[in-house]
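I have placed the structure first, in the form of structure tokens, so that the comments after it can refer back to it.
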Amino acid sequence: MSKFLRAALFVMLVAAVSVRAQQPGAQVAVYTPPVLTISRDAPVIRNCGPVAGKPEVHLTAQTIRGTTPTRYVWTTDAGRIEGNGPTATWALDGVAPGYYHASLQASAGTTNDECQVFASTVVSVECPPVPECPRLQILCPSGIEAGQRITFDSLVSGSLGTSPFVYNWTISGGSIIEGQGTGSISVDTVGLEGQSLTATAVLAGYDASNGRCSASCSVSIPVPQTCRKFDEYPEITRNDEKARLDNLSVELQNDPFATAYVTIYPSEHGKSGDIDKRSRNIIDYLMNARGLDSKRIVIKTGSTRPTSSVEIWLCPRGVTH
């Protein structure tokens, strides 16, 4: 067919369509392509380089009108995009500050009758300067008692800035009951008797190059204080009893905060006034001969026994028998 004949046929076809469109009730099909948009959950990423966590943006493609795409191809000029569907994750860790684009090509239909639409979005990556860490100190607790919870406090000085402090606490033993993330923690010390406990705090979000972003404090957990039996003897001569009391005197002088509890057990066949007489002998000897304070000697009367005896216990400060 010559080019003249083809031209004539094209003119006739256009004329026929024009005439049909002008006829009453005639409808002309107009193709409307789909519209593709991309939404993102964060227009600005404020972290970059080696940071804790993963700076990322979540992308969602939406199609308005037309056929829903069945194939998606994501591309970007920075970072990496994970996903091959209408939703994807745009990872930007290690990306320098700047503006970056994520693009999407969505396709629908068959190879011979394929429809493609395109869309893109932009994200800004920012790297705000990390403030210099202020000076951090940990305040050790005092008056520690075995088996009781103790509290470590912190003190911050220097360039404080405007950001709230976030503390990361670690301890060498026990468990943190409350306060993690704050400037004060309470620690359970059960099972740590006789051991050293160290609490360390680190301020998050600061430049730690000056070495002031972390601090530690160590305390010793005491062993529970209890009374101990020092001596026990039956009815003996006065001189033998003085020798026993001399040993007690030496022990009390070595521990100036200890108290002696002397329990006198009366005999079943004893006489009235025997207990008072023996009590006075013990107190007089320890006070006058050995120079001890009477407040550090507690005389008690025990239950009746077949024969009289004396039992002596030594108790540390704050503990009674």
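Observations, loosely collected:
- Added length on full extension, which subtracts the Cα-Cα distance from 0.36 nm per residue, Asn247 to Asn288: 13.2 nm
- Cβ crowding within 10 Å, taken as a proxy for footprinting-reagent exposure, orders Lys300, Lys277, Lys242 from fewest neighbours to most as Lys277, Lys300, Lys242.
- For segment 126-254, alpha-carbon Rg and Dmax in angstrom: 24.4, 92
- GluC sites (Glu not before Pro) restricted to segment 219-321 and DSSP loop, no more than 15 other C-beta within 10 Å: Glu235, Glu268
- Residue-span extension gain [Phe118 to Thr89] - 0.36 nm each, minus C-alpha spacing: 8.6 nm
- Cleavage-rule hits, chymotrypsin sites (Phe, Trp or Tyr not before Pro), segment 230-289, DSSP coil, Cβ neighbours within 10 Å at most 15: Phe257
- Counting only aspartates and glutamates at least 8 places from Lys277 when in the same chain, those with an alpha carbon closer than 16 Å to its own are Glu235, Glu241.
- Shape analysis of segment 238-321 yields a ratio of the Cα radius of gyration to the Kirkwood radius, Rg/Rh, of 0.97.
- Distance between the modelled labels on Ser172 and Asp231, one decimal in nanometres: 4.1 nm (7 Å Cα→Cβ projection).
Just so you know, all these numbers are worked out from the coordinates, no wet-lab data involved. Source: prediction; values computed, not measured. All Cβ positions, even for glycine, are placed from backbone atoms using ideal geometry, and neighbour counts span all protein chains on display.
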